[in-house]
Amino acid sequence: MPDSYGTDPFGQAAADLPPQGTRDASWFGHPRQLARLFTTEAMERFGYYGMRALLTLYLAQHFLFSDTTTTGIYGGFTALVYLTPLIGGLMADRFLGSKRSVKFGAILMSLGYVVLCLSSSGGAAKPFALIEGQRYEVMVSGTGDARKQYVTDQGASLQIKGNEDKSVSLLRADGSEARHVAPGKFEPGGERSALFTFLLICGLALLTIGNGFFKPNISTIVGALYADGDRRRDAGFTIFYMGINLGSLFSQILCPLLAVGMGSWGGLGWWAGFALAAAGMAVSWLLFQFDGGKLDGFGERPAHADASKDLLIYIGALAAIPLVYLLFANLMAYVKPEPGSGFLGYLATLPIMGKIMFGTFLVAIPGILIWSWRNGSKQEFQMMVAAMVLITFNTVFWTLFEQAGSSLTLFADRNTDMSVFGLFSISAGQTQFFNAFFIVALAPLFSMMWGALARRGLEPGIPIKFGVALVGVGAGFLLLVWGTQFADAHYKVGLWWLAGLYLIHSMAELCISPVGLSMITKLSIARIVGLMMGTWFLSIAVAQYVAGVVAQFASVETVGGEVTNLKVSLETYAGVFQTIGEVSAVIGVILLVLSVPLKRLMHGVK
Ligand code: GLN
C-alpha cells in the first residue's frame, strides 16, 4: 500500500505518467484494468462487511451464545481471515497465479455466505436458565428495546430482571418480586441445534479459506498494473482503498436493514442479510470471471509453474474445512480460567487458535531478526529491527480498532440511543458504516494533506504516523467513555458519541493502514520480503485474536440474547474502553518518543 498518495488524490498529474503508463491510461489517469479490480473488490468487501455488520449480533441474539463465546468466536474468525492470506498468497506466487486464486476464493466466499444464510433459516437456539440448579425454559416477547424475558414458575409467568448486585429478581405482572435469586445462582444458557451450529461454523470456515485466496491476490494484481517506479502506484492503491470502503458502506446499511429492519419494521430475518452478502460476492465473482479479456496478462500463472498442482490445491483447500471446524469447536468450548489462576493459568487454558497465533508471532519476530543479524549487513539489520518494532505496534492499533465488529457493536445495541436527530433510528449493526463513510470522505483529503506537507518537506515519517494513529485510536475510546457520563435515564448514550469515535478511528486508520504494506517492502531485506509481508498480516491476525479477548473482558450477562442490567453493562463497557484507551494512548506516546531513534534505524525510508 502507498506511503503517500502523491500530489493529488488520484494521481492524475500528467507529468507523473511514465511512457508505459500512457498507452492504457483511461480511468482517472490510471490503467483501465484498475476499474475492474475496483468494482470486483468493492463487491467482495460489500459481502464481507455486510456479513461483519451482522455476525456478532447474530451469534449473540440468534444463536444465544454468551458474550464471552460470541466475542471469542468473532475474534477467532477474524484472526483466521487475516492468517489465511499467508497461505493463499504463497499458493498464488508458487502455483496458481493471482487471477486463478481470486476466482477460486470468490467461489468459496460466495458459498460461505450461502451456508451462513442456510444456518439462519430455523430455530437455531432455545434459551433457558438454570436457577439454583434447576432448569427453566425462557420465553422472549417484544422486539428491540421492548424485548422482555420470562420464566414460568409454578404456572406463573415471571419477568427476569437483573439487579445491580448481580442478583436476579423474578417479577410478577404487577412488578412485585416473586422470587429473589442470589448472585451466581442464575445461569443463563441456550440449547443450540447441532445442525444449524454446524452450518454456521462451515460457513465461517469457507469464508476464512476463500478470503485467503482472494484478498492478498487481488491487491497483488493492483500492484502489477504499475511498472516499478511508476509514481501513480500509491494513488492507484488509494483509489482501490476507496473501492473497499465504498462497497462496505452500502452493505453495512443494507444487510442489517434486511436482517433486523429499521424503526417499526422488523426486517425479513437474518437469512436476508446473509443472502444480500452472498449476492454481492456472487457479483464480485461474475465481474472477475467474465472480465471480457480486460485483465489478460495480469495475475497469470507464474512462468515456472504448470497446471499439474491446481486440483491438489483446490482439494487441499476444501480438506482444510474440517481443520478450521475443529479450531472453532475448540474456541466455542472455551471457559474462562478461574480468577486468580494467574498468567500461566491463562496461557494453559488458551484455545488452540490462541496458542497458534501467539506462538507463531513470538517465534517469527526474534527468529527473523536473528536471521537478519547473521545474513544481512548492519544497515539491513537495523532496518529490519525498525520494521519489527513497527509491526509490533501495529498489533496494538488493530486490537483496538477491531472492537468495531464486536464490543462496539454490542455497545451500540445495548447502551446507545440510536435515534438520528429524532427523525428515525438505525440498528446496531448499521453503526459500523460510520468507519467506511469517513474513510471515503477523508481519504482524498488525507492524500492532499500528505502531498501538501511533502512539498514543504514536512510530511511526518512512518513512526510518527503510527504513533499518532495509536494515540488517535485510544482517544476515540476516551471520547466515548466521556460520553457515557451523559447517558440518559435508560443508560443509553447519544449516537453521536459513537460517530465521534469512528471519526477519530478513521483518521487514525488513514495514518497507519495504507502506510503499512509499502513500508514493509521498503524496509525488508529483499530476499525475504514475502515472509515479511506474511509477518505483517500475522500481526493483524494476532491483533484480531487479542481484540476478541479484549471484547471478552467487556462481556456482560445476557438472557435470551438480551442484557439483564443496562447500568451494569454501561459501567462494564466504560471500564474496559477506558483501560484500552489509556493504554493505547500511552503506547502511542512511547512510539512518538521512539520515533527519533527509529528514524535513524530506517536509513532514509519514508
Ligand atoms: N478496511 C480495510 C480492508 O478491509 C483494511 C482492514 C485491515 O487491514 N485490517 O481491506
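Toward the positive end of the charge dipole of the chain, about the Cα centre and with charges on Cβ (Lys, Arg +1; Asp, Glu -1), which of Gly184, Leu295, Val542 goes farthest? It is Leu295.
With N the number of residues in the stretch 80-131, Rg(Cα) / (2.2 N^0.38 Å) evaluates to 1.80.
How far is the Cα center of the stretch 500-534 from the Cα center of the stretch 346-363, in Å? Rounded to whole Å, the Cα centres lie 24 Å apart.
Across all directions, the average projected area of the convex hull around the alpha carbons of the stretch 173-215 is 6.6 nm².
Can you pull out the chymotrypsin sites (Phe, Trp or Tyr not before Pro) in the stretch 400-492 whose DSSP state is coil and whose Cβ has at most 11 other Cβ atoms within 10 Å?
Phe421, Phe486
Evaluated at 37 °C with a viscosity of 0.692 mPa s, what Stokes-Einstein diffusion coefficient in µm²/s does the stretch 471-537 have when Rh comes from the Kirkwood expression over alpha-carbon pairs? For the chosen part, D equals 230 µm²/s. With distances taken between every two different alpha-carbon atoms, the stretch 302-396 has a Kirkwood hydrodynamic radius of 17.3 Å. In this structure the amide hydrogen of Val138, modeled in the peptide plane, comes within under 5 Å of the amide hydrogens of Phe128, Ala129, none closer than 5 places in sequence on its chain. Computed over the chain, the P(r) curve from all C-alpha pair distances, binned at 20 Å from the origin, holds 19, 54, 23, 3, 0 percent per bin.
Mind giving me the FRET efficiency for Ser308 and Ala194? R0 is 35 Å, r the Cβ-Cβ distance, nearest 0.05 is fine. In this case the efficiency is close to 0.30.
Each residue of the stretch 131-140 was assigned a 3J(HN,Hα) from its phi angle through the Karplus curve 6.51 cos²θ - 1.76 cosθ + 1.60 (θ = phi - 60°); the sequence is 10, 6, x, 9, 8, 10, 6, 10, 9, 10 Hz, with glycine and proline shown as x. Per-residue ellipticity at 222 nm from helix content only, as computed over the chain with -39500 (n - 2.57) for each DSSP H run of at least four residues, stands at -22000 deg cm²/dmol. For the chain, leaving out every one of the GluC sites (Glu not before Pro) that falls in a DSSP loop and has at most 12 other Cβ atoms within 10 Å, the longest unbroken run is 165-606.
Summing Cβ point charges (Lys, Arg +1; Asp, Glu -1) relative to the Cα centre of the chain gives a dipole of roughly 1260 debye. With the gyration tensor restricted to C-alpha atoms of the stretch 116-197, the semi-axes of the equivalent ellipsoid amount to 26, 15, 12 Å, longest first.
In this structure, the amide hydrogen of Ser425, modeled 1.01 Å from its nitrogen in the peptide plane, lies closer than 5 angstrom to those of Gly263, Val420, counting only residues at least 5 positions away or on a different chain. Pairs exceeding a 32 Å alpha-carbon distance, out of Lys99/Lys378; Lys185/Lys567; Lys148/Lys336; Lys126/Lys567; Lys148/Lys215: Lys99/Lys378; Lys148/Lys215. Residue-wise HN-Hα couplings along the stretch 515-521, as the Karplus relation 6.51 cos²θ - 1.76 cosθ + 1.60 with θ = phi - 60° gives them from phi, are 7, x, 5, 5, 4, 4, 4 Hz; Gly and Pro carry x. Karplus-derived 3J(HN,Hα) values for the stretch 31-39, using 6.51 cos²θ - 1.76 cosθ + 1.60 with θ = phi - 60°, are x, 5, 4, 4, 4, 6, 5, 4, 5 Hz; glycine and proline are entered as x. For the stretch 254-342, the set of chymotrypsin sites (Phe, Trp or Tyr not before Pro) satisfying both a DSSP loop assignment and a count of at most 10 other C-beta atoms within 10 Å is given as Phe290. Near the amide H of Asp153, within less than 5 Å, lie the amide hydrogens of Leu158, all on another chain or at least 5 residues away, with H placed in the peptide plane. Projected onto the charge dipole of the chain (+1 at Lys/Arg Cβ, -1 at Asp/Glu Cβ, origin at the Cα centre), which of Gly223, Ala551, Thr68 gives the Cα projection farthest towards the positive end? Farthest towards the positive end: Gly223.
Quick one: dipole size for the stretch 58-200, taken about the Cα centre, charges +1 on Lys/Arg Cβ and -1 on Asp/Glu Cβ, in debye to the nearest 20.
Details: 14 positive and 12 negative charges, 144 e Å.
So the dipole magnitude of the stretch 58-200 works out to roughly 700 debye.
Kirkwood analysis of the stretch 502-545, using all unique Cα-Cα pairs, places the hydrodynamic radius at 11.5 Å. Take the Cα radius of gyration of the stretch 270-428 and divide it by 2.2 N^0.38 Å, N being the number of residues; the result is 1.54. For the stretch 525-606, the spread of Cα positions along the three principal axes, ordered from largest to smallest, is 56, 29, 14 Å. Looking at the stretch 397-497, the pairs of alpha carbons with a distance over 19 Å make up 54% of the total.
Any read-out appearing in this document is the output of simple, stated calculations on the displayed coordinates, not a laboratory observation. Values in this document were obtained by computation on a predicted structure and should not be read as measured data. Counting neighbours? That spans all protein chains shown, and the Cβs are built from the backbone with ideal geometry, glycine included.
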